[in-house]
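The values are calculated or read from the model by the stated rules, or taken from the named source; none is laboratory data. All of these numbers come straight from a predicted model, not from anything done at the bench. Cβ: placed from backbone, ideal geometry, glycine included. Neighbour counts: every protein chain shown. Note: areas computed on protein heavy atoms with side chains; ligands, DNA, RNA excluded. Shrake-Rupley method; radii C 1.70, N 1.55, O 1.52, S 1.80 Å.
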Amino acid sequence: MILNTGSIKFYDGFVYHKRNGAKEHFFKNNINAIFIELINNKYREKYKYPALFSIDKFNLLAWHPSYHGAQLEKTDNQNLYKFVLNLIDKSDSKKHMIDNIKLLTFPKVFGLGFNPLSVYFCYDIKGSLLHTVFEVRNTFGDIHHYILQNTKKNNKTQKTIKKLFVSPFYPQKGYYHLYANQLNDKILTSVDYIINDNKVFSASMNLKEIKFNNFNILKALLKFSLFPGKVWINIHLQAFFLWLKKIRIYKIPISQKIKHSFGMKISRD
């Protein structure tokens with residue numbers, strides 16, 4: 001698939017996971033992510049990237065557009081920019097106000113990788129954040145898009161009903177408070193999972209931009225913030241630790257047919 005992209009930025013930082021309750025569990029992990037400008041105009045300037053990074057080709061570091069968007073549409077002409085616009089268009093938002101879309105995601109390392117969370121940032125012509133789309137994927141092969149719309153009006157943190165079965169250590173119920181924002185050279189995301197008005201789980205990313213060059217790619221490999229299949233391996237390693245703590249395991253439910261849902265403003269009492 002050919003997809004024209006603009007600038008790509010490289011980020012270094014940490015992901016934090018915390019389970020609350022009678023059997024608590026916490027971990028943090030050093031990670032690297034890429035922030036990709038999606039372009040819907042083939043006449044825009046083409047960018048040069050580090051030799052150790054490729055788009056849709058095998059390399060030390062690579063990004064594959066076909067891994068994102070609608071799982072059922074693996075055609076060569078799939079366009080992520082239009083896919084996100086169509087998601088926004090399903091709401092009452094005005095997609096024509098969107099001037100730029102950027103995607104935060106994890107690259108593949110030597111062809112191996114897994115993206116439990118990718119986030120699309122939709123900006124207006126002034127660079128203000130209008131909408132964010134959380135693309136959540138589980139290890140069972142399912143995907144769901146949570147759309148936070150009109151973030152300038154409804155706040156950047158919004159409530160969404162849990163639709164995707166992510167972990168076998170939690171039931172298929174409750175809701176999330178989702179947040180994502182880019183602040184100069186930093187990107188922050190957070191997910192609070194709430195059941196019966198109790199926050200049972202929280203996850204967050206705190207990322208800072210570093211130069212996207214071959215030196216920093218190799219440096220990330222040497223300090224193990226990047227290595228083949230790191231995210232997938234760590235998910236299963238933490239699942240093993242939870243199993244050792246004898247935390248209840250829930251049966252995987254039937255996958256839902258509707259693959260997207262919308263956020264709502266959080267009411268403050």
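Residues Ile258, Ile249: which one is aliphatic (A, V, I, L, M), in a loop (DSSP other than H, G, I, E, B) and touching a Pro at 6+ places or on another chain (Cβ under 7 Å)?
Only one candidate qualifies: Ile249.
Given the criteria open to solvent by less than 40 Å² (accessible area, probe 1.4 Å), at pLDDT 95 or above and among the aromatic types (Phe, Trp, Tyr), does Tyr146 qualify?
Spelling it out, Tyr146 is indeed open to solvent by less than 40 Å² (accessible area, probe 1.4 Å), at pLDDT 95 or above and among the aromatic types (Phe, Trp, Tyr).
To keep it simple, each residue is scored yes or no on (1) touching a Leu at 6+ places or on another chain (Cβ under 7 Å); (2) in a strand (DSSP E or B); (3) small (Gly, Ala, Ser).
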site: Val166; (1), (2), (3): no, no, no
site: Tyr170; (1), (2), (3): no, no, no
site: Lys173; (1), (2), (3): no, no, no
site: Tyr176; (1), (2), (3): no, yes, no
site: Asn181; (1), (2), (3): yes, yes, no
site: Asp192; (1), (2), (3): no, yes, no
site: Phe201; (1), (2), (3): no, yes, no
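From the list Thr160, Thr132, exactly one residue is among the β-branched types (Val, Ile, Thr), in contact with a helix residue (DSSP H, G or I) (Cβ under 9 Å, 6 or more places away or on another chain) and open to solvent by less than 20 Å² (accessible area, probe 1.4 Å). Which is it?
The match here is Thr132.
Of all residues being within 28 Å of Lys251 (Cα to Cα) and among the aromatic types (Phe, Trp, Tyr) in the stretch 163-180, which is most open to solvent (accessible area, probe 1.4 Å)? Just the residue, please.
So the residue we want is Tyr175.
Mind telling me which of the residues Tyr170, Tyr175, Tyr123 ends up being hydroxyl-bearing (Ser, Thr, Tyr) and modelled with pLDDT of 95 or more?
Result of the check over Tyr170, Tyr175, Tyr123: Tyr175.
For (1) outside any helix (DSSP H, G or I); (2) on the phi < 0 side of the Ramachandran plot; (3) open to solvent by 60 Å² or more (accessible area, probe 1.4 Å), each residue gets a yes or a no:
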position	(1), (2), (3)
Leu221	no, yes, no
Pro228	yes, yes, no
Phe240	no, yes, yes
Pro253	yes, yes, no
